[in-house]
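Let me begin by presenting the structure, written as structure tokens, before commenting on it.
Any read-out appearing in this document is the output of simple, stated calculations on the displayed coordinates, not a laboratory observation. Just so it is clear, the structure is predicted and the values come from calculations on it, not from any experiment. Here Cβ is always computed from backbone atoms with ideal geometry, including for glycine, and neighbour counts include all displayed protein chains.
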Amino acid sequence: MSHSKERHEKICLNCNAELHGRYCHVCGQENIEPKETVWSLISHFFYDITHFDGKFFSTTRYLITRPGFLPKEYIEGRRARYLHPIRMYVFSSALFFLFLYSIFHFHDLEGSFEDKKNDLIVALPDSVKTRALANAKDAADSAAVLKALDLATPYMRIAEKEKRSDTTALYTKKIRKKNYNFNLVNPKREYASIQEYDSIQKALPKEEQDNWIERRAKHREIELDARYKGDQRAMWKELLEKFIHTFPYLLFVSLPLYAFYLKLLYYRRKQFLYVTHAIFLIYLYIFTFINLLVYFGIVELRESLNWDWIGWIEAAVLLYGVWYAYKAMRKFYGQGRGKTLLKFFILNTWAFLSIIILFLAFFLFTVFKF
């Protein structure tokens, strides 16, 4: 309720209904004087801010310390004293992804690719080892020389001039296995345009032509090659930036899916409707956002101060998140430890498999749309 002066007239200015108190029973508007002073505007602003903050912090306190309490309060109709879950979800998710995007970025990706390209490790030729061992007087000296050579190998690099020649034979097997090559942008440029590719395909026998999926992939490869001129580093930088910005949509899609899983797990509990499961998950998602914000904040603190012992706090925060989800299920649905643990394990298994499929689907969507 505001502190503005109440009107003497008992007719609502908004809907013209007859009033029987300070608020209209039809539209809910407060019956106050329409003319406001500067002070009333300022006081109204600070009242709304403190009112929101009070609800937010009290709701957050209950959310963190009492698993399953807020969704139970919501479905039982006790809602006025708490912040609405949808408003809290929007606020907490926006804060979480704002922080996430500020610490995970790819502006240094090109440099890291270049470093890997310019810093290839080579295997020592046998002639070098032979010359180094020539001055060894006994077995102990030989062992010391070999150990020193092994320690020096990671610091050896191929010169830029040598890399232009055929140095494949010098690469160690260990490094060759780790040198993955992604060809969304085709550096060989087999086709100059989509029209050229399509014309070549039409000239081939039908059994040798690419299928629909292969044609779509090849079209996209040619488009990306034309856009980035064969520069895979620039392409991956932009692709990963676009992909990470689809995470809010991915979580939004996962919520109704997980609510369906809960509906299956508790199908005998008729009092829990589909929307009830969704409300439970909304609160659980909000807690997860807060929990991960705390975790990432602790990680940043550990890395900036170089305090390794903070790693124990990081582990405790993650473990509390797992325990919280189990405890919330048990409190909200009111089943014993055994049934709740079993359903908790099944739900997380389904959720894990689903999130892999969703990640793959959203990544492919990003590839074909960015």
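Structural remarks
- Scanning residues 5 or more positions from ILE32 or on other chains, those with amide H under 5 Å from its amide H are ARG7, with H placed 1.01 Å from N in the peptide plane.
- ILE244 paired with ALA94, simple spin-label distance in nm, labels 7 Å along Cα-to-beta-carbon: 2.1
- With the simple model of a label 7 Å out from the Cα in the direction of the Cβ, LYS270 to VAL322 spans 3.8 nm.
- Coarse-grained scattering of the range 186-230 at q = 0.19, 0.28, 0.31, 0.32 Å⁻¹, given as base-10 log I(q)/I(0) from a Debye sum over alpha-carbon atoms: -0.56, -1.03, -1.16, -1.19
- Distance violations [Cα-Cα > 28 Å] among LYS270/LYS343; LYS10/LYS55; LYS72/LYS263; LYS270/LYS327: LYS10/LYS55
- Cβ crowding within 10 Å ranks LEU281, LEU265 as LEU265, LEU281, fewest other Cβ atoms first.
- Cβ-derived FRET efficiency at R0 51 Å, TYR23 paired with GLU190, nearest 0.05: 0.10
- Per-residue Cβ neighbour rank within 10 angstrom, fewest leading, ASP198, ASP225, ASP138: ASP138, ASP198, ASP225
- Within the shell defined by Cβ-Cβ distances under 14 Å, the residues around TRP309 carry a net charge of -2, with Lys and Arg each +1 and Asp and Glu each -1.
- Using the Karplus relation 6.51 cos²θ - 1.76 cosθ + 1.60 with θ = phi - 60°, the per-residue 3J(HN,Hα) values for the range 221-232 come to 4, 5, 4, 5, 5, 5, 6, 9, 6, x, 8, 5 Hz, with x marking Gly and Pro.
- In sequence order, calculated HN-Hα J values of the range 191-204 (Karplus, 6.51, -1.76, 1.60; Hz; x Gly/Pro): 10, 6, 7, 5, 4, 5, 4, 5, 5, 5, 4, 5, 6, 7
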